[in-house]
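Take a look at the structure set out below.
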Amino acid sequence: MTLDYGEPSNVTALRAELQDLVSQHIPAGFLGAFTRDPADLAVTERFSRELGARRLLTLAWPTEHGGRSADVLSQTAMREEMWAAHEPRGAQYMGLNWVGPVIMRHGTAQQRAEHLPRIASGEVIWCQGFSEPGAGSDLPALRTRATRVEGGWRISGQKVWTSYASMAQWCFLLARTGNAADRKQGITVFLLDMDQPGVEVRPISAMLGPHHLNEVYFDEAWVPEDAVLGDVDGGWGVVMDVLSFERIGIARYARCESLLRAAPDALGAAWEKLPASLRERWAAVMVRTRQVRLLAYRLLLTAQADAPPIGDTALYRVAVTSLDQEVAEVLMEIVENAGLGTSDPDAAFAREVEDHWRYAQASTVASGTLEINKNAAARQLVRP
């Protein structure tokens, strides 16, 4: 495949439109929705509705589902611009990047009509009910149980590390419905309404900030029969699609590059006083950031017709999350050497770096640990 480094004019115009919208609607110093200031979450909710009204929130979705049927490069530009701006779409990530697309692929006409317009308009937040205390990296070990009753299912069990659960209206939930010897059989996907008796959310304190991580307890929670996504006992195939979409849904490299590029101007005269070895490391991670960007483009452009192979997306995930942490360490050393403190009113750059460092620590665990992703890539490489 020949890779064209020139950006099409429509993508450049889209970037300008997005940057203009961010400058109009997102206040200076914004560091995302997951802070202790409720105004930050409100900013993202208003901005998401504004994007939805312009069919930009889901611009890569088909027009009949509220998008613009945009090409893959436009979709990538959206991811890059949003991530570089500290994700002003807030908690919309799951709905936009994989819940919606997976419902398009596996959902009934009724499910598509019920859920896709609300996601496209920015009116609803989804959370992901996958991990459990004994089933994180080993997801097939999940024990949350769904029992069939008249008209639907009753679900009991516990999920953990559930991002956005305290603000989500819907949960993309995995539960065990069968007793097959193969643990990957007998798992079913449910689209569960969070606002009901039998669902309890307990926040987990973490350095990622409030609203982010939670435990969720289900005590005979109700799911109607028509809220099963795909086949009963056939949820593992749906999960494989989810992971393919999820692992390429965040353009982490875009924020890395944005912060690296900002460093010389943010430091001013202090930049030239940094140790030469530290500036050399800055240059090296900048090069690696560009390499990961190209890896992402290659993956997206060669897999436009379908979800990319699990092994390929796993390799990308290893590369981009490792980069996230390496860039975070270099930037923290730059800030420390320059004597910038996050409490200084003029130290906006230092606060951005500190925020990036905190989130980078979790990047190699979310969506599968480094080890799980390496195993997925290895299995694809050795497959006959």
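Net charge near LEU267, counting Lys/Arg +1 and Asp/Glu -1 over other residues with Cβ under 11 Å of its Cβ? Within the 11 Å Cβ shell, the charges total 0.
Taking all Cα pairs closer than 8 Å and separated by 6 or more residues, the relative contact order of the chain comes to 13 percent.
Look at ASP20, ASP312 and count the other Cβ atoms within 10 Å of each Cβ; fewest to most, that gives ASP20, ASP312. Mean projection of the Cα convex hull over all viewing directions, computed for segment 9-123: 6.9 nm².
Other residues within the sphere of radius under 15 Å centred on the Cβ of GLN169, judged by their own Cβ, net out at -3 (K and R +1, D and E -1). Listing PHE218, PHE349 from fewest to most neighbouring C-beta atoms within 10 Å gives PHE349, PHE218. When each full DSSP H helix of the chain is screened for a Cα extent of at least 20 Å along its own axis and an average Kyte-Doolittle hydropathy of at least 0.0, the helices passing are 276-301, 310-337. ALA120: net charge of surrounding residues, Cβ under 12 Å, Lys/Arg +1, Asp/Glu -1, itself excluded? In short, +4. Within the chain, antiparallel bridges make up roughly 80 percent of the DSSP beta bridges whose residues both belong there.
What the Kirkwood sum gives for the chain is a hydrodynamic radius of 21.9 Å, with every pair of different alpha carbons counted. With the gyration tensor restricted to C-alpha atoms of segment 33-89, the semi-axes of the equivalent ellipsoid amount to 23, 14, 6 Å, longest first. Residues ARG261, ARG118, ranked from the fewest to the most other C-beta atoms within 10 Å, line up as ARG261, ARG118.
Values in this text are rule-based calculations from the coordinates and carry no lab data. These figures come from a predicted structure and were not determined experimentally. Reconstructed Cβ throughout: ideal geometry from the backbone, glycine too, with neighbour counts over all protein chains shown.
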